[in-house]
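Asker: My structure is below; once you've seen it, I'll send some questions.
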Number of protein chains: 4
Amino acid sequence: MKPPTALTTVVYYTGPLRRLGASSLGRLVVLAIGLTAMTAITVPDMQKSAGVWLSACLWSCLAFFAVEGYVRARSVARADRDRSYLLTAPGIVDALAVVPVPIALICGIAPPTAWLFASLWILKLTRSSPGFAQLGRVFILEAKPLASVLALFLIILFLASAAMHVLERDLQPGAFGTMPASLWWAVVTLTTTGYGDEVPHTHLGHILGAVVMICGIATFGLWTGILATGFAAESRRRNFIQTWDLVSKVPFFQTLDPSAIAEITHMLRRLEVPAHTAVIRRGRVGDCMYFIADGEVQVEVKPAPVRLGSGSFFGELALLGDNVRTANVVTIVPSTLLILDLADFRTLTAHHSELARIIDAEGKRRMSENQRARELLLESGAASS
Amino acid sequence: MKPPTALTTVVYYTGPLRRLGASSLGRLVVLAIGLTAMTAITVPDMQKSAGVWLSACLWSCLAFFAVEGYVRARSVARADRDRSYLLTAPGIVDALAVVPVPIALICGIAPPTAWLFASLWILKLTRSSPGFAQLGRVFILEAKPLASVLALFLIILFLASAAMHVLERDLQPGAFGTMPASLWWAVVTLTTTGYGDEVPHTHLGHILGAVVMICGIATFGLWTGILATGFAAESRRRNFIQTWDLVSKVPFFQTLDPSAIAEITHMLRRLEVPAHTAVIRRGRVGDCMYFIADGEVQVEVKPAPVRLGSGSFFGELALLGDNVRTANVVTIVPSTLLILDLADFRTLTAHHSELARIIDAEGKRRMSENQRARELLLESGAASS
Amino acid sequence: MKPPTALTTVVYYTGPLRRLGASSLGRLVVLAIGLTAMTAITVPDMQKSAGVWLSACLWSCLAFFAVEGYVRARSVARADRDRSYLLTAPGIVDALAVVPVPIALICGIAPPTAWLFASLWILKLTRSSPGFAQLGRVFILEAKPLASVLALFLIILFLASAAMHVLERDLQPGAFGTMPASLWWAVVTLTTTGYGDEVPHTHLGHILGAVVMICGIATFGLWTGILATGFAAESRRRNFIQTWDLVSKVPFFQTLDPSAIAEITHMLRRLEVPAHTAVIRRGRVGDCMYFIADGEVQVEVKPAPVRLGSGSFFGELALLGDNVRTANVVTIVPSTLLILDLADFRTLTAHHSELARIIDAEGKRRMSENQRARELLLESGAASS
Amino acid sequence: MKPPTALTTVVYYTGPLRRLGASSLGRLVVLAIGLTAMTAITVPDMQKSAGVWLSACLWSCLAFFAVEGYVRARSVARADRDRSYLLTAPGIVDALAVVPVPIALICGIAPPTAWLFASLWILKLTRSSPGFAQLGRVFILEAKPLASVLALFLIILFLASAAMHVLERDLQPGAFGTMPASLWWAVVTLTTTGYGDEVPHTHLGHILGAVVMICGIATFGLWTGILATGFAAESRRRNFIQTWDLVSKVPFFQTLDPSAIAEITHMLRRLEVPAHTAVIRRGRVGDCMYFIADGEVQVEVKPAPVRLGSGSFFGELALLGDNVRTANVVTIVPSTLLILDLADFRTLTAHHSELARIIDAEGKRRMSENQRARELLLESGAASS
């Protein structure tokens, strides 16, 4: 497989960024500037040398978020009359971004301290990250086992602290002389953070410490195992729903029987491609075909490029034996593609042989059409000469 | 998908807490107060200023646990004549919570030290966490590979300590001059805790340290992998059994053939909802339907709300094409619902087409009934006017 | 579900230990004593006060391992004429445990240093851990992606060290003045060990440090993901093979068709139970049935207990609707049982209805037999009176 | 199962190294030497004592990479006229390895500093690691949830820093007096690195620190869960494609129906074996059979060894009941084998009974042939005597 050119790579990697859209990107930039200014204003040197500029910057960001919040609240109010925007989660985020700083200033808190409330702006990130709901669901669905792991964590924490307090309090009254100090050691050790500000010195303390660390790893492993299991299930579910909506837009899939549709929906992957981006490059080795759920692409074949719109498919030759791409395919507008992998295609056609036949027939039809167009071109060329 | 209101979110998140029940929540509060008092009493300042209050608090908690333990022991003794409650795991937990502190005080141990045995109260958490048995099973079933990882851990530990002892004992007699000290370094490093109280200084020591850290990550990864695998299997198993018991309470499922029941049981998720909680909100986008395994809900349709009891289902329109919810659905009593996701429903109906037909018929029947009720309302309105 | 008695719990948890067998347990004890003595002899105080005893202890352990190695080498030589035991992995482990210490002493190395070679005894653990081969296979099968993660780790390591060296060498010539020191910082940070002996002090250094830590977590996550995936596959494979061998010993399974056998083999779990251990306790809630692959159990029913040998099954009522156990079942000899869970049984019978019929018929036959035995007892009692 | 001899083990473990090929191994050695020299030259002592040698070594490595890059650029230019090698990812890696050091030296940067650019040589590792593309795909496909976890990380980071800054700035103006310092603490804690250079001292600070650590573990667990899920999917996909290409080279598989081929392709594992390596050893217990996708092996049976080429299979007796290997099998040339496990074979034959029949027939044919050859040998021996 030939390596991608650096250019494609850049396009590919900045794709997700561009897909965020201008407004979303703008908000992220304002957020980054605001948080940087908030961080800088707490440094006395910066405050002296550039305090005015930083204040101006912070007030501008605050104004931006205030306007943004107002616009959104109004548009929500129009669409959905019967509830207050301020009682929804994004409404609270918007309010927390705007309200606390002025109130703190009015209450007479010193500006650098008051601006610390600007750290609440970071909550705006929840808006740009569509995966948050997914993470939240994993936590809710796996609440029981996660609570058990937390309980296990607390049990080890308390028993280890009490034991260490008994073992080391005479030798190190500062570090282990009280239970709160001992608990701090236990939590630092059990999470394998290990600051090293409190370290056992006796042999028994070392053995107990070793047991706590190993328990920490075990607890951690359970925690990870639970989240991995939950996330895999949630991911599969979400993927199916999103893909199903797109599958219904591709006429080709409607010709299949329901069990084939359900099976193929599990296999397809979504890809959002910005406009004017190469999806397929001539001469590369291909291992998947593409369905256009939404958008338009241009296949750069001679004599004239062919445009394919929503519901079409391309790149099917890669699945039918000929795996070197024969033409560039470029998106015209931002498009949503469904990718069917070679691996999945072969598993699928093993059970549903009609699928291969339909794709094969369409591939041949296109080839002959292309051939005829080329002959016509030659004839017209011959005629014009 | 519209975001949930903050209120629903709060209801949703406090749900599990409320489900714990008043008695369980009460026990958790007593536990928290007791452990806090136990922690506070070890701090000399607190002991001087509030020693009497803390003692009173601790004695009260002890009394609470003593009474609780006695009540439970008696109720168990009645139900199950032929064995002693004190020989069961919860019996031991109850005894450990009550007995050690008085004995320690009688033996003449100073009160703050004697009250350290109150840290055993944390074991009460095992009672409120139903997932403990599940975690225990994972450890038992995966005992062999986990023992192998532990053996690997010990092998690296001993070989690394011996090597580091040889490399650094002349330069740092305090930190690496003896094998116990060297073992302490190895365990702190291999678990990636890294206190920093013992750090190699030679170049060879650094290289060995780097190898130990990387081995630590590998060991950790294996450990996590084993627990993740085991937990996924155990979780799937437990889920099936619990859901199966609920499925038998829904008449609708009994009309399906056995293979469809087994398949659907793997797909359903349980949700316990407290009373007076909104399950469905009008105007939201829905991606699942609900079966009532136990409890009662109220569908807020005009002219009069409809009540649905155990064995009914609702929210089925979301799966049949119309995915905006048309009415609020609120629980009347604490209810156990079974959720069928859109993704799973579609996979299911691909194999068992009768399922969609039954749900569709029921949906239509309800709609026409609703329609008729509305017409009747209009007529009666017309008649009364 | 009633909690298990503490006694059963102890039996259950010490089961794996007992299963190790006396010889294996003995070896572990000798190993523990030897390693403790080796550790102690490096401490000057211990050496002075108990040097003779420690030496005696170490020489005894060495003698034990020498005899053990000799016995094993001879038995292997008999069974397998055509290769030398010393060239096999266990042969090398046995040789490493015995040879290096005497050689070191002969070469004139001081005893406490020479005995450090006794840390090689820890390699004996590879013999008692049957899961080692499994872990090794995971590493071999996943060698390519693991190597890629290691390469990624090295790339981040070198680039971060070079950058940090440039950023901090003027401020902290000791910690970051040379590339080796900088590399040491990078490896300590990237593995999230964090000793804290070398910490960046500049703002840019902090930002670079933060990036390295986050990269460390990502690398770690990939590493864990690869091992989890590999381990799950390997575990499934090994389980199937071991269970298949046992399935062939149970006549009941031979009546099923091949596809059911393959399916059931994936579902069964093995459990090795020592003699005289309760497998089922009367009055408990059961969620699985048992097949006896090897061994013998006693069902404690009235009037006389029934013995079941290899190839029988018991506990089937739990799967047929009646889930409270009606009799104690205790092993007579160490037995290997195959467990079929309720969840798997239901999935299975959905596809293979004959399975439920056979088990049901056998259950009824036993009940009526039991009934007849009881009637006979009553009659004989009536006759004798 | 008998343990492998140490020799086989060594062969087995060095196999992947040998498979890298001489050129690739050579490049790795040059890389290691170059990076070591680069590291050494930054140490003042080394520079004084061996500066000339280190310089010579570095220049040689640079020359090697320059030549290598030039050769590769030319060969790529020939094969692929229409794009510049320098714009591809490997082209950039090659350029970065050669160009920066001379430019830095020309710009007047001191040699030890200029040679720091040699750390870019480590990027050459991306070339020898075929799994890099796979890791990259996982990151791209899981971009959304990973971004959400990163956002979660940032949210906790900012809120915790601001809170800790408020709590501890008066007590520790150095460590928590400014937001940048506080952020540094938060990132060190949230990644569980825990340098210990900044540690909270107040009780509230300890509680906040504990919460941050536990959040750190949760974030980490989510991160690992996402990568594990993504990696499992990607791994399955890649494996299928690579195996499919090899399956098409084995005539035996072509006799199966398409659904059996798809199923078997999911089950086969690839193994690349160097020449003259034992694949099967007589007397061992076997649990898999082998198909030769590419290469040649020699079965060491009496009277004369049998050679099997691409498309043949061997070791099938292990799957047909007789699981002790009856002959050594050694590769003649570097070979690519496909392994079919006992577990998978049994699952497969349960659905596709013709598979077992074909393999059984072939096995019997071979045995009888072998038998006849032995008889012929005896006859000829009898004749010659």
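The values are calculated or read from the model by the stated rules, or taken from the named source; none is laboratory data. Everything numeric here is computed off the predicted structure, so don't read it as measured data. Reconstructed Cβ throughout: ideal geometry from the backbone, glycine too, with neighbour counts over all protein chains shown. For the accessible areas, the whole protein counts, side chains as well, though only heavy atoms, and no ligand, DNA or RNA atoms are used. Shrake-Rupley method; radii C 1.70, N 1.55, O 1.52, S 1.80 Å.
Asker: Among C:Leu348, C:Ala361, C:Ile280, pick out the residue whose Cα is farthest towards the positive end of the charge dipole of region C:258-382, where Lys and Arg carry +1 and Asp and Glu carry -1 on C-beta, about the Cα centre.
Answerer: Comparing the listed Cα positions along the dipole, C:Ile280 ranks first.
Asker: Moving to a separate point now. Suppose a student asked you for the relative contact order of region C:141-235, using Cα pairs under 8 Å spaced at least 6 residues apart; what percent would you report?
Answerer: Values: 84 pairs, mean separation 31.1, N = 95.
Relative contact order for region C:141-235 comes out at 33 percent.
Asker: Next up: Below 8 Å between Cα atoms, with a sequence gap of 6+, how large is the relative contact order for chain B in percent?
Answerer: Details: 429 pairs, mean separation 45.1, N = 385.
Answer for chain B is 12 percent.
Asker: Also: Could you report region B:258-382's accessible area per residue, 1.4 Å probe, as an integer in Å²?
Answerer: Details: 5630 Å² over 125 residues.
About 45 Å² of surface per residue is accessible.
Asker: Under 17 Å from the Cα of C:Lys364, which aspartates and glutamates turn up, not counting those fewer than eight places away in the same chain?
Answerer: Those aspartates and glutamates meeting the cut-off are C:Glu316, C:Asp322, C:Glu354, C:Glu375.
Asker: Say a label goes 7 Å from Cα toward Cβ at A:Thr202 in every copy; what distances in nm does this one have to the rest, shortest first?
Answerer: Spelled out, the distances from A:Thr202's label point are 3.3, 3.3, 4.7 nm.
Asker: Among rounded, prolate and oblate, which fits region C:28-166 when a ≥ b ≥ c are the square roots of the eigenvalues of its C-alpha gyration tensor, a/c under 1.5 means rounded, and a/b larger than b/c means prolate?
Answerer: Cα axes put region C:28-166 in the oblate bin.
Asker: Would you mind checking A:Lys144/B:Lys124; C:Lys249/C:Lys302; B:Lys144/C:Lys124 for any pair whose Cα atoms are more than 18 angstrom apart?
Answerer: Values: A:Lys144/B:Lys124 16 Å; C:Lys249/C:Lys302 29 Å; B:Lys144/C:Lys124 16 Å.
Beyond 18 Å between Cα atoms: C:Lys249/C:Lys302.
Asker: Carbon and sulfur together cover what percent of the accessible area of the protein assembly as shown at a 1.4 Å probe radius?
Answerer: Of the solvent-accessible surface of the protein assembly as shown, carbon and sulfur hold 66 percent.
Asker: Note the direction-averaged projected area, equal to a quarter of the hull surface, for the Cα convex hull of the protein assembly as shown, in nm².
Answerer: Values: hull surface 317.0 nm².
Answer in nm², one decimal: 79.3.
Asker: Can you tell me the FRET efficiency between C:Leu150 and D:Val285 if r is taken as the Cβ-Cβ distance and R0 is 51 Å, rounded to the nearest 0.05?
Answerer: Values: r = 33 Å, r/R0 = 0.64.
Result of the calculation: an efficiency of 0.95.
Asker: Once you have all Cα-Cα distances for region C:141-235, histogram them in 10 Å bins from zero and send the whole-percent values.
Answerer: Over region C:141-235, the share of Cα pairs per 10 Å bin runs 17, 44, 23, 12, 4, 0 percent.
Asker: Something else now. When only Cα pairs under 8 Å and 6 or more residues apart are kept, what is the percent relative contact order across region C:261-316?
Answerer: Numbers: 44 pairs, mean separation 17.4, N = 56.
That works out to 31 percent.
Asker: Specify which residue in the list B:Thr36, B:Phe117, B:Leu338 is farthest towards the positive end of the charge dipole of chain B, using unit charges on the beta carbon of Lys, Arg (+1) and Asp, Glu (-1), about the Cα centre.
Answerer: Result: B:Leu338, furthest along the dipole toward the positive end.
Asker: Still on this structure, please answer the following. May I ask you to list, by number, the DSSP H helices of chain B whose Cα span along the axis is at least 27 Å and whose average Kyte-Doolittle hydropathy reaches 1.0 or more?
Answerer: On the way: long enough: B:22-41 (28 Å, 1.67); B:44-79 (48 Å, 0.46); B:143-168 (36 Å, 1.87); B:203-247 (65 Å, 0.76); B:353-384 (46 Å, -0.73).
Membrane-span-like by this rule: B:22-41, B:143-168.
Asker: Provide the buried accessible surface between chains D and C in square angstrom, both chains summed, 1.4 Å probe, rounded to the nearest 100. Spell out each step's value before the answer.
Answerer: Working: alone 22280 and 22330 Å², together 39450 Å².
The D and C chains share an interface burying roughly 5200 Å².
Asker: Could you work out the helix-only [θ] at 222 nm for the protein assembly as shown, with each DSSP H run of four or more residues adding -39,500 (n - 2.57) and the total divided by the number of residues, to the nearest 500 deg cm²/dmol? Please list the in-between numbers first.
Answerer: On the way: 64 runs with 992 residues, N = 1540.
Only helices count here, giving -21000 deg cm²/dmol.
Asker: D:Ser182: net charge of surrounding residues, Cβ under 9 Å, Lys/Arg +1, Asp/Glu -1, itself excluded? Show your work: numbers first, answer last.
Answerer: Details: positive: D:Arg169; negative: D:Glu168, D:Glu198.
Neighbour charge sum, excluding D:Ser182 itself: -1.
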